[in-house]
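Chemist: Below is the structure I would like to discuss, written out as structure tokens.
The values are calculated or read from the model by the stated rules, or taken from the named source; none is laboratory data. Owing to the predicted nature of the structure, the values given are computational and were not obtained by experimental measurement. Neighbour counts run over all protein chains shown; Cβ positions are idealised from the backbone, glycine included. Accessible surface areas use protein heavy atoms only, side chains included; no ligands, DNA or RNA. Shrake-Rupley method; radii C 1.70, N 1.55, O 1.52, S 1.80 Å.
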Amino acid sequence: TVEDYLNLYIDKAIERGLANSTITGYEKAKNGLRDLWKIPVPELETLNIVNLIENSTLSRKTLSNRLSLLSSSLNRAIVDKMIKVNPASGIRIQEYLTNKSKINARNIHEDVIPFTPAETRQLIRAAEDTVKAIVALLFDTGIRSSEWVALKKVDVCLVSKTISIFEAIVEGKTKATKTKSGRRRIPISQEVCELLKREMAKTGSEYVFLNSQGNVWNQDSFRKHIWKKLLSTAGVKYRYPYQTRHTFATRLISEGMNLWKIAKLMGHTSPNMLYTHYGNYIDAYEKIPKAKALNLNVE
């Protein structure tokens, strides 16, 4: 069956020593193909796969990951002479998907809902102790959840007021950032310096942040049990912690920072991602000089 070959492919990937995060990704993709599991491989047709794509409301990226796993798994069925042609190869996902853009007519990306300055202050004020240091750091640097949980004391410089990002913790494993641009140095405010100094003095661990059990934080646990409660206490509408990253980017854009520098601070290779996610903020900032030149009120 299709399920047998999916399992075989994943088992071989584990034997090859692929990263835990990769294996987890394969498992998720496999679960997404559940409707095809019990079909005998010789009976699987391209139409079965196309129907799965057309009836899905998932993103193109997620569907692509699933199709990639399926196609790779079925290549073994060709070797085993179960089939002569891989029914999953050559399928162009975009031909079967409705073009659903996340960017509306006003150039606003629907996934970008940054916190306002007032909301940011409310959250930092409502947080206490270690959580306060974490939240203040997130808003101050725009780092990812996988990066702050992996932050080590050696990567914090209180003299130059910077943190350096070299690693991330994904699926419980510490690993280097995915790309060279992900390794970066980010300035931090005096307030965050003081909060980090206090945190680092608490334990002898190499990591900056430890939870109440003395262990490195799990980002999902933080989101479910700490972050959600904090927003409720502060009276702020719930958004995922990733919105602190969007808040960081939009703040720097509004301050007129060079887009290449913003991209570097966020770990991107170029500003292209900024235009994709924050195009309306960039447009708004670029209109300000023109408005001032025309003596318009832009306050």
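Yes/no matrix, rows are residues, columns are (1) at pLDDT 95 or above; (2) of a type in the set (G, A, S):
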{"site": "N55", "(1), (2)": "no, no"}
{"site": "R60", "(1), (2)": "no, no"}
{"site": "L70", "(1), (2)": "yes, no"}
{"site": "I78", "(1), (2)": "yes, no"}
{"site": "N99", "(1), (2)": "no, no"}
{"site": "R125", "(1), (2)": "yes, no"}
{"site": "G142", "(1), (2)": "yes, yes"}
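Chemist: Only one of (1) modelled with pLDDT under 95; (2) surrounded by 20 or more Cβ atoms within 10 Å (Cβ to Cβ) fails for W148. Which number is that?
Modeler: Condition not satisfied by W148: (1).
Chemist: Got at least one residue in segment 71-87 being part of a loop (DSSP other than H, G, I, E, B), touching a residue at least 24 places away in the same chain (Cβ under 8 Å), open to solvent by less than 60 Å² (accessible area, probe 1.4 Å) and of a type outside the set (D, E)?
Modeler: There is at least one residue in segment 71-87 that is part of a loop (DSSP other than H, G, I, E, B), touching a residue at least 24 places away in the same chain (Cβ under 8 Å), open to solvent by less than 60 Å² (accessible area, probe 1.4 Å) and of a type outside the set (D, E).
Chemist: Something else now. Is segment 46-67 home to any residue that is part of a loop (DSSP other than H, G, I, E, B), within 24 Å of the chain's Cα centre (by Cα) and within 30 Å of T174 (Cα to Cα)?
Modeler: yes
Chemist: Additional query: Give the number of residues within segment 221-276 that are open to solvent by 80 Å² or more (accessible area, probe 1.4 Å) and either out of contact with any strand residue (DSSP E or B) (no Cβ under 8 Å at 6 or more places or on another chain) or not in a helix (DSSP H, G or I) (or both).
Modeler: 19
Chemist: Let me ask another. Against the conditions (1) crowded, with 19+ Cβ neighbours inside 10 Å; (2) touching a residue at least 40 places away in the same chain (Cβ under 8 Å), where does E171 fall short? Just the number, please.
Modeler: (1)
Chemist: Another one. So which residues in segment 211-248 are among the aliphatic types (A, V, I, L, M) and either free of Cβ contacts under 8 Å to residues at least 60 places away in the same chain or in contact with a Gly (Cβ under 8 Å, 6 or more places away or on another chain) (or both)? Before you say what the answer is, go through the steps one by one.
Modeler: Step one: of segment 211-248, the residues among the aliphatic types (A, V, I, L, M) are 216, 226, 230-231, 234, 236.
Answer for segment 211-248, where residues must be among the aliphatic types (A, V, I, L, M) and either free of Cβ contacts under 8 Å to residues at least 60 places away in the same chain or in contact with a Gly (Cβ under 8 Å, 6 or more places away or on another chain) (or both): there is none.
Chemist: Identify all residues within segment 183-209 that are open to solvent by less than 20 Å² (accessible area, probe 1.4 Å) and either out of contact with any strand residue (DSSP E or B) (no Cβ under 7 Å at 6 or more places or on another chain) or not in a loop (DSSP other than H, G, I, E, B) (or both); write none if there are none. Walk me through it before giving the result.
Modeler: Of segment 183-209, the ones open to solvent by less than 20 Å² (accessible area, probe 1.4 Å) are 184, 186, 188, 192-193, 195-196, 199, 208-209.
Across segment 183-209, the qualifying residues are R184, I186, V192, C193, L195, L196, E199, F209.
Chemist: Scan segment 1-34 for residues that are under 17 Å from P87 (Cβ atoms) and open to solvent by 80 Å² or more (accessible area, probe 1.4 Å) and jot them down.
Modeler: Correct list: D4 only.
Chemist: Moving to a separate point now. Checking the structure you have, find out if any residue of segment 232-253 is over 24 Å from K132 (Cβ atoms) and among the polar types (S, T, N, Q).
Modeler: no
Chemist: Restricting to segment 110-144, and then to whatever is among the small types (G, A, S) and out of contact with any Ser or Thr (no Cβ under 9 Å at 6 or more places or on another chain), can you tell me which residue is least open to solvent (accessible area, probe 1.4 Å)? Write out each step before concluding.
Modeler: Applying the first criterion (among the small types (G, A, S)) to segment 110-144 yields 118, 126-127, 133, 136, 142.
From what is left, the residues that are out of contact with any Ser or Thr (no Cβ under 9 Å at 6 or more places or on another chain) are 118, 133.
Working: A118: 43, A133: 1 Å².
The selected residue is A133.
Chemist: Condition first: out of contact with any Leu (no Cβ under 7 Å at 6 or more places or on another chain) and without any contact (Cβ under 8 Å) to a residue 60 or more places away in the chain. Now tell me which residues in segment 189-199 satisfy that.
Modeler: S189, Q190, E191, E194 - these are the residues of segment 189-199 that are out of contact with any Leu (no Cβ under 7 Å at 6 or more places or on another chain) and without any contact (Cβ under 8 Å) to a residue 60 or more places away in the chain.
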